[in-house]
1. Could you tell me whether region 201-214 includes any residue that is acidic (Asp, Glu) and out of contact with any Lys or Arg (no Cβ under 9 Å at 6 or more places or on another chain)?
2. Just a yes or no: is a residue in region 36-47 buried (at least 18 other Cβ atoms within 10 Å of the Cβ), in contact with a helix residue (DSSP H, G or I) (Cβ under 9 Å, 6 or more places away or on another chain), modelled with pLDDT of 95 or more and under 13 Å from Leu109 (Cβ atoms)?
3. Looking only at region 253-271, which residues are surrounded by fewer than 16 Cβ atoms within 10 Å (Cβ to Cβ) and of a type in the set (A, V, I, L, M)?
4. Would you check if Val286 is among the β-branched types (Val, Ile, Thr), under 24 Å from the mean Cα position of the chain (by Cα) and at pLDDT 95 or above?
5. Within the bounds of region 113-133, is there any residue that is of a type in the set (S, T, N, Q) and farther than 30 Å from Ile201 by Cα?
6. Restricting attention to region 88-108, does a residue exist that is in contact with a Gly (Cβ under 9 Å, 6 or more places away or on another chain), part of a strand (DSSP E or B), crowded, with 17+ Cβ neighbours inside 10 Å and of a type outside the set (S, T, N, Q)?
7. Among the numbered criteria (1) under 25 Å from Arg16 (Cα atoms); (2) in contact (Cβ under 8 Å) with a residue 60 or more places away in the chain, which single criterion is violated by Arg163?
8. Can you spot a residue in region 229-237 that is assigned to a helix (DSSP H, G or I), open to solvent by less than 10 Å² (accessible area, probe 1.4 Å), at pLDDT 95 or above and among the β-branched types (Val, Ile, Thr)?
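The values are calculated or read from the model by the stated rules, or taken from the named source; none is laboratory data. Keep in mind the model is a prediction, meaning the values are calculated, not measured. Quick reminder, even Gly has a Cβ in these numbers, built from the backbone with ideal geometry, and neighbours come from all protein chains shown. Note: areas computed on protein heavy atoms with side chains; ligands, DNA, RNA excluded. Shrake-Rupley method; radii C 1.70, N 1.55, O 1.52, S 1.80 Å.
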Amino acid sequence: MHIAFHIGANCTDQERLLKSVLRNASALLAQGIVVPGPSKYRRLLRETIEGLDGRSPKPGTRDILLDAIIEEDSVSRLVLANDNFIAIPKRIFDNAMFYPQVELKVGTLCRLFPDDEITFFIGMRHPAAFLQEVAHRAEVVQLRDFLGQLSPLDLRWSDVIGRIRQFAPQARVVTWCNEDTPLIWEDLIRLLSGADPQTEIVGQLDIAAQVLTPEALATLKSALAQDPQMDRIARHEVIAATIETHAKPDAMEDEVRYPELGDRLIAAMTEIYEEDLDLIDTMEGVELVLPFR
């Protein structure tokens, strides 16, 4: 069985990807793809992983878990999602590391399902926007208290993804930039769900709808409907052009909440982020989903 697990990151799509995939649940089920409700597995997996504390699971644990999660027969793919899987916001920078629990979490999950094909899905976000949002969620007053010995310039998504690959080498990783989601949303729904390429996807404009005026959204839907066979790059171009000219005021901007994130620091973090993406794009076993290619 293929297990597709959207593990975050925190404060990226805010579970909207799971919601969009669930909109297609009936069509997916006809293809042997099950998308259970989060209550079926989140607490169960968390308590199981915490109880093992890095030890190997007992024989038969996989079957017990799947019996609790899946009710359907003849399942070929299981889709799970939990944006707090590798850490809650308050624990993201424990021990002066960026996501210090990622090795334990992904490694244990792979040991729980040793004979299954696993793909981890993880969205990234500009480090400055990510840092201020998770700090806000963690109710942090000053960033230095949140980061400890780390500097904002130390945040590297390549480090997190590299450790996933190191401790779960048999698993694939699919990643993307949160900033690109209005353009690539349909791609992400298809990748996470594993839907047949001919499946008509519902909710492919769920993110674009949040940044466009209602009139612009209607125009975009009409433009896409005129060419159902439009390839993905052309679709990206149409969506991007519509957003560029018709986005709601400030819809694409992240509010800066922390004065510690000044313009010069954010510019430096942007440069590091871009270099980091280039590195991630070369990593073996990792698919970086980018628009226009």
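1. no
2. Yes, region 36-47 contains a residue that is buried (at least 18 other Cβ atoms within 10 Å of the Cβ), in contact with a helix residue (DSSP H, G or I) (Cβ under 9 Å, 6 or more places away or on another chain), modelled with pLDDT of 95 or more and under 13 Å from Leu109 (Cβ atoms).
3. Val256, Leu265, Ala267, Ala268
4. For Val286, the condition - among the β-branched types (Val, Ile, Thr), under 24 Å from the mean Cα position of the chain (by Cα) and at pLDDT 95 or above - is met.
5. yes
6. No, region 88-108 contains no residue that is in contact with a Gly (Cβ under 9 Å, 6 or more places away or on another chain), part of a strand (DSSP E or B), crowded, with 17+ Cβ neighbours inside 10 Å and of a type outside the set (S, T, N, Q).
7. If we test Arg163 against (1) under 25 Å from Arg16 (Cα atoms); (2) in contact (Cβ under 8 Å) with a residue 60 or more places away in the chain, just (1) comes out false.
8. No.
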